[in-house]
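Working notes, structure below.
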Amino acid sequence: MENKPSIQPELVREFVGNAHGDLERVKDLLKQEPGLVNAAWDWGGGDWETGIGAAAHMGRRDIAQFLIDNGARIDLFAAAMLGKIDIVRAMLADNPGLVNAKGAHGIPLIVHAQQGGEEAAQVLELLSQFK
């Protein structure tokens with residue numbers, strides 16, 4: 001395996017910060033450094049967040065989909081926001097305790113689904129069955 005230099009921390013922070021809402025800046029930064037697509041920033045105390053994680057809890061479907069299209073690893077929280085019911089259902093079937101999982105900043109899974117709006121209605125319905 002080839003050792004590559006680390007991405008500058010300031011660049012990771014800027015990327016993750018902008019993934020909360022600025023699609024154009026995310027595009028610019030990803031063009032500049034493709035490795036950012038799965039980079040994670042520690043906001044402190046182990047509160048790790050990726051670009052797709054930021055987009056997921058903000059309901060930014062456009063940013064999340066752009067990142068997925070460019071190789072981001074989808075997780076349970078992004079799947080919930082995007083309304084990907086089959087992924088969420090499979091993960092909860094394998095581990096029902098994930099219904100109580102928290103993403104970046106301690107934001108619960110259900111909030112991610114709520115941020116998905118109408119497209120995530122089936123996910124919200126599924127999550128409500130676990131209460």
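Coordinate-derived values only; no laboratory data. Only a predicted model underlies this, so the values are computations on that prediction, with no experimental measurement involved. When we count neighbours, we look across all protein chains shown, and the Cβ atoms used for this are built from the backbone with ideal geometry, even at glycine.
Results, tabulated for the structure shown:
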{"read-out": "³J(HN,Hα), Karplus 6.51/-1.76/1.60, whole Hz, each residue of region 38-54, x for Gly, Pro", "value": "10, 5, 10, 10, 9, 6, x, x, x, 7, 7, 9, 9, x, 5, x, 5"}
{"read-out": "³J(HN,Hα) computed for each position of region 85-98 - Karplus, 6.51 cos²θ - 1.76 cosθ + 1.60, integer Hz, glycine/proline x", "value": "4, 5, 5, 4, 4, 5, 5, 6, 5, 6, 8, x, x, 5"}
{"read-out": "Using θ = phi - 60° and Karplus 6.51 cos²θ - 1.76 cosθ + 1.60, couplings along region 109-125 (whole Hz; Gly, Pro as x)", "value": "3, 4, 5, 4, 5, 4, 5, x, x, 4, 5, 10, 4, 5, 5, 4, 4"}
{"read-out": "Residues with amide H under 5 Å from that of Gly103, placed H, sequence gap 5 or more", "value": "Leu109"}
{"read-out": "Ranking of His57, His112 by count of other Cβ atoms within 10 Å, fewest first", "value": "His57, His112"}
{"read-out": "Fewest-first sequence of Arg73, Arg60, Arg13 by Cβ atoms within 10 Å of each Cβ", "value": "Arg73, Arg13, Arg60"}
{"read-out": "Label selected from (1) 17.6; (2) 15.0; (3) 16.5, the criterion being Kirkwood radius over Cα pairs in Å as computed here", "value": "(2)"}
{"read-out": "Candidates Leu67, Leu11, Leu36: whichever shows maximal mean-square fluctuation once the chain is modelled as a Gaussian network with Cα springs under 10 Å", "value": "Leu11"}
